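> Below is a structure I'd like to ask you about.
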Amino acid sequence: MTTPTAPDLKCSGVCKNFGPVQAVADISFEIPSGTFFSILGPSGCGKTTLMRMIAGFEEPSAGDIFIKGRSVLNVPPNRRNVKMVFQHLALFPMMNVFENIAYGLRCIGTDRDEIARKVQDVLNRVALPDVGEREIHQLSGGQKQRIAIARCMVLDPDVLLLDEPLGALDLKLREAMKIELKLLQNQFDTTFVYITHDQSEALVMSDRVAVMNDGRFEQIGTPQELYHRPQTAFVAGFVGDSNRWSGKVTGTRGAEVTLETEGGTVVRSRPGDGTKVATGDAVELFVRPEFIELVHRTPRQKRTGLSGKVDNLLFNGANSRALVRLATGDLVEVDVTLTGGTDDVKPGEEVSLSWSTKNAVCFPARAAS
Amino acid sequence: MRNKMPLAGLLAASLLFGMGSAQAETLRLLTWGGYAPDNVIAKFKEKYPDIDVEVTLSNNEEMIAKLRATGGAGFDLAQPSHDRIYAPQLEYNIYKPLDLSKIDTSVMEPKLLEGVRANTTIDGEVYAVPHQWGTSGLMADKSKAPDFKSWGDLCDPKYKGKTSMRLKRTILLGTAFAMGDDPFAAYADLGKYQGILDKVVDKLIACKDVIKAYWKGGDDLSAMMLSGEIVASETWDSTAYKLYGENPNIVFVPPSTGALAWIDTFVIPRKGEADDAAYKWINFVLQPEISKLMSESTGAIVAVKGGKDLLPDALKAAVNAAFTDADIDNLKFFANIPPGVEDMEGKALEKIQAATGG
Amino acid sequence: MVNQERRLLPGAGSVMKHRDARRLSLILLFMPLALWIVLLILLPHIGMGILSLREKIGPRQYEFGLANYIAFFQEPIYWHIMARTAVISLLVTVLALIVGFPVSYYIAKIAGPRTRGAMFMFCLIPLWVSDLIRAFGWILLLRETGVISGILQWTGLASAPVELLYNDAAVVVGLVYTVMLFMIVPLTSTLDGMDDAMIEAGYNLGGNGLTVLRRIIIPYAMPGIVSGSIIVFMLTAGSYLTPVLLGGKYSSWFTQTIYDQFITRYNWESGAAFGFLLLFFTSFVVWIGLKLSGQSLSSTVARS
């Protein structure tokens, strides 16, 4: 039916204006078949509008959307083989689980026996074989989630859109559902497009992630690429945690630049991929807390690192942090391992910090944004 | 839900207020629209500054229902028609005997006074005196229905869709007279009266096809008549007189078998609390200059000697256009309704209302 | 509890006093509601119930019995009128639903907050004037020499005056107009609680407009539909002035029969019995409606 080469979903030059406001600005991308693709961005970045255009609830102002290689611009939402899991799931409370799942099948005129077989099949696949007769309000949060996905998957969609469906769940369940969603996607082997503002959801589940800001895609890549090789200051700041300083380039040597932060700390770093900086440029520097090495300083020891004093300890088990005040006054977050032993860092202690130059990335400071 | 508390408060307040005002000298009058015009009340207050007059407007049936509900309490003076006193008093004991010595009966038209007295005496006690009288009959637009003159003409197919009537007892009685029976004489023999009623019901059911609609009150009747939607109707004389003022082609027509005459009376409810004020009101409104104001407001003739001369000029002209002396002699006064007749007539009316014709 | 209080001898008195005061204030708070129910609902109904069971055997003589109820069933006129009233009331209910549903949907789902307020105001307007004035308004419009007839003749759509008044259609129109608000309010509040995503999900899963309406919006709005219909049906069946004033010579309404029993025939006993029969009958119709729609009274009227 479809050519194997056509991507499941392709957008080219899609724009959407609401009056003078441009919600989505010239977005183009392709999603190959069977990918878990996330669109990650802060709220208001246009990701929901983009998704609604794919589902057909909004009309693009410009550009085209292709599903399995076919333009869907003039196809109404109920005729697109793109199904959607809504933020609050939008399960139909007046129908039981079976009827919820059967709804879509009835719409396309599937016969009774076939409906019963397909519904049971999809219930088995989401590992809830016995809930068909239950009412929606009798389900737990995680079960509802799975039924919402089953309701879409029973229709065998080309693309499944998920609009922050984990937002309403509590933390524990959210963690569990992340893994479960990934497994379900593997099992159904369908393209998932997952919208979220939670970078951890995007990183954990996705094959590829698009970081979206201000109606544009900043970068598309695997989670690892985004994390380790951000191409813009926004991506570096938005994906994962980072220390972030503004500063000025004082000198360049090969691939390395030396810069001085506004507080006066002098640091060596490398420019981000695809960016160039010159002496005198205003830049932003990003260093992730886990790449910083913290050493107790003994008076006799001589180190090349930056010296500072532990201001505060933020204990959070394996994710504990130390806040170190540098001599220049800049504050640095550093990941530390707190074992409960005597050699743990303590507030007030003198420490020195160091990191490898390749882990300190700088980008030209953007005038606006 | 939210307005319950204020409601209960209001209830309590009105109860208290009601009790309080009963202590003061207040005349609570239960009467017909127009029977207590503002100018008359003002003049009454001039003469008796310490009596307040509270007016509740009603009609015969509702007056009796209201008094029955309270066993005759809540009002100090009421004005039902003369035929609505004897049976309700027997059945429900809602009136108080009158002290005729406190009423100046000498000004009243003796014929009417005697008639009312004869109709409303129980065990030697008199329960009512007359106030105003008038008739029910027909009206017609002379230019469109020149020879309209009998109750039966209402059902004449040549006026199909152009006549109206009020589905109440008057039309039953009028139709009975038109068919050559005397329903009042038959009151003494209810079996015979039922026979008359059955004939009347058949006639009026057949008549449904002819009439346009049953009128419910003076307003809708006037509108239908003035707009020309109907050319003739059963009517109260006062309504016809008013329309005559607006269109002289519309006249009151005393039916050939006689217009049906009613007398609205004064009665004192059994638990009335201001008898003195009630007697003062009765004597006050029977004065000639007040009677004049009264006729102007009601369009009816006050039951005092020479009452017809006290009518305002326009009304006098309308009456003269309607009645000859022979018509006056031919008046049929409503006879006392004996117990049980209301029920028979009510049933007859229900049958007519429910009939789907065809 | 009691033991504990005894042990706390010094403080016990004040605790008790405090508690009594609270109980008293609670009783006082509920007093108006209790009075309202007892004085204005319970007592009159008990009185009417007793009245309806009295058989009149002569002037000021009564006996206990069911004759007033039996009379209803023996006289076809009465139950014909009752059936007529019920059928027209149902028709009014259905029409109010058909007209009110799109309006409610518009108010709840499409209109902005300002339009919303204005729309509600429009629905309220009929209730600003009394029944009587409203009926006369319709009379002015519908009568043979009225506004609509005039417009029809002026535009040439009719060659002679058209009588639109004094028939059942006029009664239905007048009643639908009067009760519209009582249909729209519960419907709007139910539809308002519906997540827009539910409708989008309906389309997304392949439903067309009709399917979404039939399978999703209407079932979701069912509690509102049922509660609105109950209110409208009860109001309509119990209305008096509109059917009496707009109805024609062949129209009759059961409340009019009750009124006639009370007022014209002085027959309070049978009037009271008829009143109860109307109450039983309409309750029965509502019960059937609830059964057919699979709703319960608490899930509908109580909810909205």
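> Just checking, does the range B:298-318 include any residue being free of Cβ contacts under 8 Å to residues at least 60 places away in the same chain, touching an Asp or Glu at 6+ places or on another chain (Cβ under 6 Å) and either farther than 27 Å from B:I171 by Cβ or of a type in the set (A, V, I, L, M, F, W, C) (or both)?
Yes: the range B:298-318 contains one or more residues that are free of Cβ contacts under 8 Å to residues at least 60 places away in the same chain, touching an Asp or Glu at 6+ places or on another chain (Cβ under 6 Å) and either farther than 27 Å from B:I171 by Cβ or of a type in the set (A, V, I, L, M, F, W, C) (or both).
> Residues B:D264, B:D220, B:D237, B:D276: which one is within 21 Å of the chain's Cα centre (by Cα), within 18 Å of B:L77 (Cα to Cα) and among the acidic types (D, E)?
The match here is B:D264.
> Here is a further query. Exactly one condition in (1) modelled with pLDDT under 95; (2) away from every other protein chain (no Cβ under 12 Å) is not met by B:Y214; state its number.
If we test B:Y214 against (1) modelled with pLDDT under 95; (2) away from every other protein chain (no Cβ under 12 Å), just (2) comes out false.
> Quick one: which of A:R134, A:R146 is open to solvent by 10 Å² or more (accessible area, probe 1.4 Å), away from every other protein chain (no Cβ under 14 Å), within 21 Å of A:T196 (Cα to Cα) and basic (K, R)?
A:R146
> Report yes if B:S297 is of a type outside the set (A, V, I, L, M, F, W, C), within 19 Å of the chain's Cα centre (by Cα), open to solvent by 10 Å² or more (accessible area, probe 1.4 Å) and closer than 14 Å to B:Y35 by Cα, otherwise no.
Yes; evaluated as a whole, the condition is true for this residue.
> Is it true that some residue in the range C:220-231 is surrounded by fewer than 19 Cβ atoms within 10 Å (Cβ to Cβ) and modelled with pLDDT of 90 or more?
Looking through the range C:220-231, at least one residue is surrounded by fewer than 19 Cβ atoms within 10 Å (Cβ to Cβ) and modelled with pLDDT of 90 or more.
> While we're looking at this one, here's another question. So which residues in the range B:115-124 are surrounded by 13 or more Cβ atoms within 10 Å (Cβ to Cβ) and of a type outside the set (K, R)?
Step one: filter the range B:115-124 for residues surrounded by 13 or more Cβ atoms within 10 Å (Cβ to Cβ), giving B:115-117, B:119-122.
B:G115, B:V116, B:N119, B:T120, B:T121, B:I122, listed by residue number.
> To continue, here is another question. Where the second residue is open to solvent by 10 Å² or more (accessible area, probe 1.4 Å) and outside any helix (DSSP H, G or I) and the first is within 16 Å of C:L191 (Cβ to Cβ) and in the same structural domain as C:F274 (by TED's automatic domain parsing) and lies in the range C:225-237, which pairs have Cβ atoms under 6 Å and are six or more apart or on separate chains?
Short answer, once both residue conditions are applied: C:V226/C:Q295; C:S227/C:V301; C:S227/C:S304.
> Could you list, in sequence order, all residues of the range A:106-131 that are within 22 Å of C:N208 (Cα to Cα) and open to solvent by less than 30 Å² (accessible area, probe 1.4 Å)?
Listed by number, the residues that qualify are A:I115, A:V119.
> If you don't mind, there's one more thing I want to ask. Within the range C:183-200, work out how many residues are in contact (Cβ under 8 Å) with a residue 12 or more places away in the chain and under 15 Å from A:L89 (Cα atoms).
Adding up the residues that qualify gives 4.
> Taking the options C:L278, C:L241, C:L290, name whichever one is within 14 Å of chain B (Cβ to nearest Cβ) and surrounded by fewer than 23 Cβ atoms within 10 Å (Cβ to Cβ).
Exactly one residue qualifies, and that residue is C:L241.
> Here's another thing I want to ask about it. So how many residues does the range A:65-86 have that are surrounded by 17 or more Cβ atoms within 10 Å (Cβ to Cβ), within 12 Å of chain C (Cβ to nearest Cβ) and touching a residue at least 40 places away in the same chain (Cβ under 8 Å)?
Keep residues of the range A:65-86 that are surrounded by 17 or more Cβ atoms within 10 Å (Cβ to Cβ), which gives A:65-68, A:72, A:77-78, A:80, A:82-86.
Now restrict to residues that are within 12 Å of chain C (Cβ to nearest Cβ): A:77-78, A:80, A:82-86.
Of the ones still in play, those that are also touching a residue at least 40 places away in the same chain (Cβ under 8 Å) are A:82-86.
Number satisfying all stated conditions: 5.
Residue by residue, here is whether (1) in contact with a helix residue (DSSP H, G or I) (Cβ under 8 Å, 6 or more places away or on another chain); (2) away from every other protein chain (no Cβ under 14 Å); (3) surrounded by fewer than 20 Cβ atoms within 10 Å (Cβ to Cβ); (4) touching a residue at least 12 places away in the same chain (Cβ under 8 Å) holds:
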residue: B:I41; (1), (2), (3), (4): no, yes, yes, yes
residue: B:Y48; (1), (2), (3), (4): yes, yes, yes, yes
residue: B:L57; (1), (2), (3), (4): no, no, yes, yes
residue: B:T70; (1), (2), (3), (4): no, no, yes, yes
residue: B:D83; (1), (2), (3), (4): yes, no, no, yes
residue: B:Q89; (1), (2), (3), (4): no, no, no, yes
residue: B:I94; (1), (2), (3), (4): yes, no, no, yes
residue: B:D99; (1), (2), (3), (4): yes, yes, yes, yes
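> Still on this model: Search the range A:1-30 for residues being closer than 21 Å to A:P230 by Cβ and among the aliphatic types (A, V, I, L, M), and hand back the single one that is surrounded by the most Cβ atoms within 10 Å (Cβ to Cβ).
The extreme case among them is A:I27.
> Considering only residues that are under 27 Å from B:V210 (Cβ atoms) and among the β-branched types (V, I, T), which ones fall in the range B:117-176?
Within the range B:117-176, B:T135, B:T163, B:T170, B:I171, B:T175 qualify.
> In addition: Just one of (1) away from chain B (no Cβ under 14 Å); (2) farther than 27 Å from C:G247 by Cα trips up C:K56, so point out which.
All conditions pass for C:K56, except number (1).
> In the range A:149-183, what count of residues is obtained for those that are open to solvent by less than 10 Å² (accessible area, probe 1.4 Å) and assigned to a strand (DSSP E or B)?
Matching residues across the range A:149-183 total 4.
> Can you say whether A:N100 is of a type in the set (S, T, N, Q), within 17 Å of C:N204 (Cβ to Cβ) and either in contact with a helix residue (DSSP H, G or I) (Cβ under 9 Å, 6 or more places away or on another chain) or open to solvent by less than 50 Å² (accessible area, probe 1.4 Å) (or both), as far as the supplied structure shows?
So A:N100 fits the description; yes.
> Looking at (1) at pLDDT 90 or above; (2) of a type outside the set (D, E, K, R); (3) part of a helix (DSSP H, G or I), which one does C:S239 not meet, given that it meets all the others?
Result: C:S239 passes all but (3).
> Does the range C:203-216 contain at least one residue that is closer than 22 Å to C:V92 by Cα and within 12 Å of chain A (Cβ to nearest Cβ)?
yes
> Can you give me the number of residues within the range C:39-62 that are over 20 Å from C:L277 (Cβ atoms) and open to solvent by 60 Å² or more (accessible area, probe 1.4 Å)?
7
> Looking at the range B:322-344, which of its residues are more than 8 Å from chain C (Cβ to nearest Cβ) and farther than 30 Å from B:G307 by Cβ?
Result: B:G340, B:M344.
The values are calculated or read from the model by the stated rules, or taken from the named source; none is laboratory data. Please read these numbers as outputs of a predicted model, since none were measured by experiment. FYI the Cβ positions are ideal-geometry reconstructions off the backbone, even for glycines, and counts take in every protein chain you see. Keep in mind that these areas ignore ligands, DNA and RNA; they rest on the heavy atoms of the full protein, side chains included. Shrake-Rupley method; radii C 1.70, N 1.55, O 1.52, S 1.80 Å.
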